[in-house]
Ligand SMILES: [Zn+2]
C-alpha cells in the first residue's frame, strides 16, 4: 500500500491541547477495528467504535504492517512484480482502515479525546512512513523489479503501480546518505509538529472573535434562515440578540447584508488578522520556519526550491508553467476587479457614505449593485436551493449522465445523526458503492467542504466497492426554516459530489491508484466540472423548486441569473490568484534563512499590484491549505485554476453536443473510472481528442475580451 504522509496529517488541523481520557467501561469491549466487519456493505460500525478503540487499533495496525513488510523482505525468492510490488500494495490494510475512519471522524465530528489521539498519533505515523520509505532492504528489492521492467510484460496499470511505488521511495529520500536521511526525518517530524500547531492556532483565533448585536437594524436584509442561525449562535453563548462568528458561513452573509459599517469592519479585520496578532496563537514564525524547512528538504532531494520538488510530480511539472498560467489570468482579472471597484464605490457614494471603498464594504455593495443592475437579490434564490432538493438534483444529474441511482439507507450506522447514507447502484441494479453525506455546520466539524474515502475501490483480491463521504458546512435547519443554500453553497454541493463520483465510479485493480488518488492539479477537475451543470437552465428546471410551493425555478430568475453571469468575477479571480502567488512566493524561496512573513507578503502583493480593497483569499497566517491542514497543497494552491482549464474545456464537449449527451458522458465516465492509472493529460486527451484550451475558462470568468 502506498502511504500518503500528507493524508495522515491532512486532518490534524483541529487539535487542541488536552488530556487523554480512557473510557472506563472498556473492559469487555472487543476492538471493532480488528477482524472483519460484518455490516451489510462493509461500512464501518460507527455504533460500536469508541474513542478508546483508536489507539490500540493504531498500535495493532502499525505492528501488522511492520510484520508484513519484514515478511516481503526476507522472502528467499528473487524479487518479482507479484512478490514485491503487489505484495507491498497489500500491506497496511488495517492501518488504512483505521486511519480512514479516524481522520474522517476527526474532521467531521471531533472532540477533545479524538484531538488528543490525533496529536499523539500524527508524528508516529510520520515516522512510520519514513521508516518504510527509507528502508533500503525493501527499496533494493523494489528497485530490482523496476530495473527489469521491460522484460516483465506488465499491463498499463501494473506499469503505473511499479513506477509510482518506485517513485514514492525515491521522493521520500531512500537514496540519501545516512546523515541526510537523519536530517530528513528530523525535518519531516518538525514539519508535522509545526503544521499541527498552525492549525491549532488558527482554530483558536477563528473562535476568538465574534460580533454580537441586539439591534435588529444591524441585520439589514439578512435572509431569515441565517437570522435564525445567528440567533441560535447567540443562545448557545448565552447572549442576547444575534451573534456572528469568523466562520465563512457566518461572516460572509453579515458582510453582504449588514448596513453597520463599524461592525463589518470589526469582523472583516478580525478575519484578516487571524494568526497575525502577536499573541500566543501567532502563526507568522511557524510559516517562516516551515518554508525554511521545506527549502532545506528540497535541497536534500536535489531540487532548487520546494515548488520545483512538488511540481515535478504534478501535471504542471515546474514553477514556470504555474506562473505562466497565473500571469495569463491575473492581468485581465485585475483590470476587471478595478472596474468593479469603481462601480461599488459609486454605489457607496450614492448611499451617502463618502471616502474610499474599503475591504469591508466590498461584499455589501456587491449586493446593492447586483440588485440595482440586475434586480437580483441573492436571497430570493435560497428557497429554490433547499439542501435535499439540491442533493436530489445532483443525483438526477448522475442518473442522466451515468445511469446510476441512489437509494437512501436508514439502517447504516453513522458518526452523527445528521448524516444521510445512500446505496449507489448501476443502471442494472448492481451494487456500486456507498455514499455518506454530512451537510450541516456544527462546532465539532472543521470549516470548509471536503470528500474522503472510507474505503477505496480495488479488484486485487476480489471486488472491493468504494465507500465515500462528503462533508459540508451548510446552515443547519432552524425551527421555522429548513437549510436553504446560497447559490455558491449549492455549487459546493455539486462540487463535492464530483469528487464522490470520482471515487465511486473508479474501476481499477489497485487501491492506491483508484478514484481520487491522482495528482493534486488533476483532482479538482472532476469536482469542478460538476459545478457547470448546477446553474444550466435545463438543469435548474429539474431540481430547483421552491421548498414551500414546489414552484419550478422561474424563467424570470433564470434570465436574471444569466444576466448576472460574470458579475464580480474580477474580485473572485483576483482574491484566489493573489493567494496562489503568495503560496508560490513562499515556496520558490532559495534560502533557509527565515523570511519575515509580513514583509514577504507585502512585497509579493506589491509586485503583482493587488488593490488594497481585496485581501488574498488566504493570508499567510491562516493559509491552512499550505501550512496547516493538508500540506500537500503547498506549492499547489494554483491547482484549482489548473483544473479549471480542464473543467471549462471539458464541459464544452457537452455544450457542443447536449447537456446530457450519452456518448460524451460515456467517454467522460471512462476517464473517471481510470483513477491514477495513467497520466492526467493522457486521459484528458483521450476524452477530448486534443489538449485542453484556456479560452472557455477566460470566457466563463468574463476575462476573454478585456483589453490588456
Ligand atoms: Zn474540491
Scoring region 370-437 by relative contact order with C-alpha pairs under 8 Å, at least six apart, yields a percentage of 20 percent
Spacing of the two label points (7 Å from each Cα toward its C-beta) at residue 64 and residue 232, in nm: 3.8 nm
Enumerate the residues in region 361-399 having an amide nitrogen under 17 Å from the point lying 7 Å beyond the Cα of residue 248 toward its Cβ. 363
Testing the spin-label approximation: label points 7 Å from Cα along Cα→Cβ at residue 266 and residue 285. State their distance in nm. 3.1 nm
Work out, step by step, the length gained on full extension between residue 171 and residue 563: first 0.36 nm times the residue separation, then minus their alpha carbon distance; give nm to one decimal. 136.2 nm
Backbone N under 17 Å from the residue 216 label point (7 Å along Cα→Cβ), restricted to region 244-267: 258-260
Under 17 Å from the 7 Å Cα→Cβ point of residue 371, by amide nitrogen: which residues of region 193-233? 216-227
For 306, 349, 416, 281, which order do you get if you count the other beta carbons within 10 Å of each Cβ and list the fewest first? 349, 416, 281, 306
Rounded if a/c is under 1.5, else prolate if a/b beats b/c, else oblate: with a ≥ b ≥ c from the C-alpha gyration tensor eigenvalues square-rooted, which is region 600-650? oblate
Sorting check: for 588-598, 252-262, which peptide has the highest mean count of neighbouring beta carbons within 10 Å, and how do the rest follow? 252-262, 588-598
Sorted by mean Cβ packing within 10 Å, highest first, what order do the peptides 190-202, 558-570, 374-386 take? 190-202, 374-386, 558-570
Helix-only [θ] at 222 nm, the chain, -39500 (n - 2.57) per DSSP H run of 4+, per residue, nearest 500, equals -17500 deg cm²/dmol
For an R0 of 25 angstrom, estimate the FRET efficiency from the Cβ-Cβ distance between residue 335 and residue 691 and round to the nearest 0.05. 0.40
Going by how many other Cβ atoms sit within 10 Å of their own, how do 206, 43, 620 line up, fewest first? 43, 206, 620
Could you give the nm distance between label points at residue 120 and residue 549, where each point is 7 Å from its Cα heading toward the beta carbon? 5.8 nm
If only Cα atoms are counted, what is the Rg of region 541-618, and what is its Dmax, in Å? 20.7, 63
Stretched fully, the stretch from residue 350 through residue 607 gains (0.36 nm per residue minus C-alpha distance, one decimal, in nm) 89.2 nm
To the nearest 0.05, how large is the calculated FRET efficiency for residue 278 and residue 428 if R₀ is 56 Å and r is the Cβ-Cβ distance? 0.35
Using Cα centres only, tell me the gap between region 83-115 and region 390-423 in whole Å. 24 Å
Burial ranking of peptide ranges 424-431, 574-581 (average Cβ count within 10 Å, highest at the top): 574-581, 424-431
Among DSSP bridges having both ends in the chain, what percentage is antiparallel? Round to the nearest 5. 75 percent
What whole number of Å gives the distance from the Cα centroid of region 685-708 to the Cα centroid of region 255-280? 36 Å
For 48, 97, which order do you get if you count the other beta carbons within 10 Å of each Cβ and list the fewest first? 48, 97
Extension gain residue 207-residue 541, at 0.36 nm per residue separation less the Cα-Cα distance, in nm? 116.3 nm
So what's the gap between the Cα centers of region 575-637 and region 477-537, to the nearest angstrom? 26 Å
Which FRET efficiency value, to the nearest 0.05, is calculated for residue 594 and residue 660 with the Förster distance at 56 angstrom and r the Cβ-Cβ distance? 0.55
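Bear in mind that the values in this text are calculations on the coordinates, not laboratory data. Everything quoted here is computed from the prediction, not taken from an experiment. Glycine gets a Cβ as well: all are built from the backbone with ideal geometry, and neighbour counts include every protein chain shown.
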